[in-house]
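In what follows, a structure is listed as structure tokens, so that the remarks can point back to it.
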Amino acid sequence: MNIVILGAGKTGSYVASVLSQEEHNVILIDKDAKVLEKIGREIDVATLHALAPSWSLFEGLIENGPDLFFAATGDDETNLVACSIAKNLGFPKTVARVQARDYLNHSRLDFSRLFFVDYFIGPEVLAAQDLFKVLVHSGDVAAEHFAHGAIQMRTIVIPDHWDRGGAPIRELRLPEDLIVGLIRRKLVEGDKILVPNGSDHILPGDEVTVVGESKIIHKLHEIFHSPEHQVRSIVLVGGTPIAVHLTHFLSQQRISVRIIESSSARCEELSELLPSATIINRDGRDLHTLLSERVQDADALVSCSDSDEMNVLIAGLAKQAGCQKAIALIADSNYTPILEKIGVLPALSAQVNVANRILSILHEETILSIASLSKTQAKIVELKVSPSSRLVGIPLSDLNLPKDLLIAVIENQGRVMVGRGNRILCAEDIVIAICHPQQIPQLQQLFH
């Protein structure tokens with residue numbers, strides 16, 4: 001597909017890179033020629049140096065037959081105006097990145113209609129929601145909801161005292177409505193990603209992703225003898241928009257939040273925005289600060305500055321200070337092995353969430369949502385079965401699906417079923433599938 005992206009900042013350039021890897025044709029527009037030159041050397045996208053929004057610029061791009069326009073600058077109003085111009089010139093789909101929560105609230109004003117925006121994406125809100133789910137489910141590495149909450153995905157680390165590693169999965173007598181979708185096993189030579197079958201084993205230390213009905217998932221820690229405790233106190237380092245959104249979510253659950261921020265001016269803003277939080281004007285990069293603030297007594301610390309490097313450093317210092325659970329927000333998955341060696345949990349940044357959302361928009365005929373697993377090495381995809389799909393009416397065991405593609409769960413008219421071999425897909429079913437990122441186009445074709 002042909003995609004036009006306005007804004008070559010962190011979000012725009014990351015999305016352009018992901019789309020390019022999936023063999024989409026991308027044009028990236030920015031006013032900074034040096035930034036575009038650097039991006040042009042690193043990724044396979046077309047770059048255009050121009051001041052935007054400009055109707056004459058966008059009109060010239062219409063000749064290329066664009067499928068989607070994504071306004072990804074750091075200014076909400078620029079993005080809204082750009083989408084308005086693009087839509088009125090004939091771009092079929094427009095997507096606007098927005099930071100202000102007001103634009104995501106359509107209770108009084110229909111901003112989609114006012115600004116001709118088909119989809120609003122709040123990257124900071126998406127990242128905060130993901131962090132919130134991991135923090136609330138305190139023993140989990142990742143958590144995700146599908147089918148309006150009827151289906152949940154959780155990723156947990158199997159504890160060292162797990163004593164059933166010798167039994168294959170088929171003999172573990174797991175609940176009927178639960179399926180093991182992915183295993184990430186750490187080996188000396190590197191990580192091994194398994195889409196398991198009944199003959200595979202779950203070993204201590206494995207990072208296991210399971211999918212199933214919500215009422216079963218709630219008992220997950222009992223099934224795998226993994227600890228879980230109630231969260232009462234969280235420390236955030238960096239008063240970024242992600243921290244603000246995350247604080248709102250945590251405060252609604254009556255969880256105490258402390259925010260450490262080095263800028264005194266930003267601290268004043270945060271005090272007005274977040275009256276329920278404790279704002280601390282100190283440098284989170286200083287180990288003495290973390291020790292004096294007793295981060296070791298908090299249930300978790302999240303380093304959510306705008307810099308991957310800073311987040312890695314702060315989360316590492318938090319572990320040194322004795323913090324039980326330290327989380328670093330990162331866009332570059334290459335940091336993950338470093339974080340794991342020092343006991344820090346990596347969390348996908350806003351950019352990764354935006355890329356997943358853009359991919360689901362591009363394939364919206366069948367794909368409802370996309371989430372990343374295991375350092376983005378795998379995807380969990382929520383799809384709708386089209387009446388014209390060739391898969392309709394055929395048992396899963398007869399579908400001849402690719403080896404690393406698993407249909408984990410099927411929702412049929414409100415009934416949730418694990419994807420066993422005798423299950424038959426029907427038109428309009430909601431399916432949760434786990435696959436390699438490169439298989440998403442193939443998956444979309446199968447279900448369309």
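The values are calculated or read from the model by the stated rules, or taken from the named source; none is laboratory data. Quick caveat: nothing in here was measured; it's all calculated off a predicted structure. All Cβ positions, even for glycine, are placed from backbone atoms using ideal geometry, and neighbour counts span all protein chains on display. For accessibility, only protein heavy atoms count, side chains too; no ligands or nucleic acids. Shrake-Rupley method; radii C 1.70, N 1.55, O 1.52, S 1.80 Å.
Quick notes on this one:
- Residue in the stretch 353-368 that is more than 28 Å from GLY284 (Cβ to Cβ), modelled with pLDDT of 80 or more and open to solvent by 50 Å² or more (accessible area, probe 1.4 Å) present: yes
- Within the option set ILE380, ILE430, being over 16 Å from the mean Cα position of the chain (by Cα) and either open to solvent by 50 Å² or more (accessible area, probe 1.4 Å) or at pLDDT 85 or above (or both) holds for one residue only, ILE430.
- Applying the set (1) touching a helix residue (DSSP H, G or I) at 6+ places or on another chain (Cβ under 6 Å); (2) among the basic types (Lys, Arg); (3) within 28 Å of ARG420 (Cβ to Cβ) to ARG184 leaves exactly one unmet item: (1).
- Failed condition for GLN324, given (1) surrounded by fewer than 19 Cβ atoms within 10 Å (Cβ to Cβ); (2) touching a residue at least 40 places away in the same chain (Cβ under 8 Å); (3) under 22 Å from ILE156 (Cα atoms): (2)
- Pick from the stretch 263-272, criterion surrounded by fewer than 16 Cβ atoms within 10 Å (Cβ to Cβ) and closer than 27 Å to GLN351 by Cβ, ranking: farthest from the chain's Cα centre (by Cα): ALA265
- Each residue in the stretch 220-248 was checked for being at pLDDT 80 or above and closer than 28 Å to GLY414 by Cα, and 4 of them qualify.
- Restricting VAL125, VAL134, VAL117 to residues that are at negative phi, of a type in the set (Val, Ile, Thr) and free of Cβ contacts under 8 Å to residues at least 60 places away in the same chain narrows the list to VAL117.
- Identity of the residue in the stretch 118-152, surrounded by fewer than 23 Cβ atoms within 10 Å (Cβ to Cβ), of a type in the set (Gly, Ala, Ser) and over 17 Å from LEU373 (Cα atoms), that ends up modelled with the lowest pLDDT: SER138
- Where LEU348 falls short, out of the listed (1) open to solvent by 20 Å² or more (accessible area, probe 1.4 Å); (2) more than 30 Å from GLY190 (Cα to Cα); (3) hydrophobic (A, V, I, L, M, F, W, C): (2)
- Where a residue in the stretch 391-408 is in contact (Cβ under 8 Å) with a residue 60 or more places away in the chain and its partner, wherever it lies, is assigned to a loop (DSSP other than H, G, I, E, B) and open to solvent by less than 50 Å² (accessible area, probe 1.4 Å), with Cβ under 8 Å and at least six apart: LYS403/VAL195; ASP404/VAL195; LEU405/VAL195; LEU406/VAL195; LEU406/GLY419; ALA408/GLY419
- Residue in the stretch 243-252 that is out of contact with any strand residue (DSSP E or B) (no Cβ under 6 Å at 6 or more places or on another chain) and part of a loop (DSSP other than H, G, I, E, B) present: no
- Counting the residues of the stretch 63-117 that are of a type in the set (Phe, Trp, Tyr), open to solvent by less than 30 Å² (accessible area, probe 1.4 Å) and in contact with a Lys or Arg (Cβ under 6 Å, 6 or more places away or on another chain) gives 0.
- Residue among LEU6, LEU36, LEU28 that alone is crowded, with 19+ Cβ neighbours inside 10 Å, in contact with a His (Cβ under 9 Å, 6 or more places away or on another chain) and within 30 Å of GLN377 (Cα to Cα): LEU36
- From the list ILE193, ILE183, the lone residue that is outside any loop (DSSP other than H, G, I, E, B), surrounded by 18 or more Cβ atoms within 10 Å (Cβ to Cβ) and in contact (Cβ under 8 Å) with a residue 12 or more places away in the chain is ILE183.
- Scan of the stretch 279-317 for residues that are of a type in the set (A, V, I, L, M, F, W, C), in a helix (DSSP H, G or I) and either free of Cβ contacts under 8 Å to residues at least 60 places away in the same chain or open to solvent by 10 Å² or more (accessible area, probe 1.4 Å) (or both), ordered by number: LEU287, LEU290, LEU291, MET310, VAL312, LEU313, ALA315, LEU317
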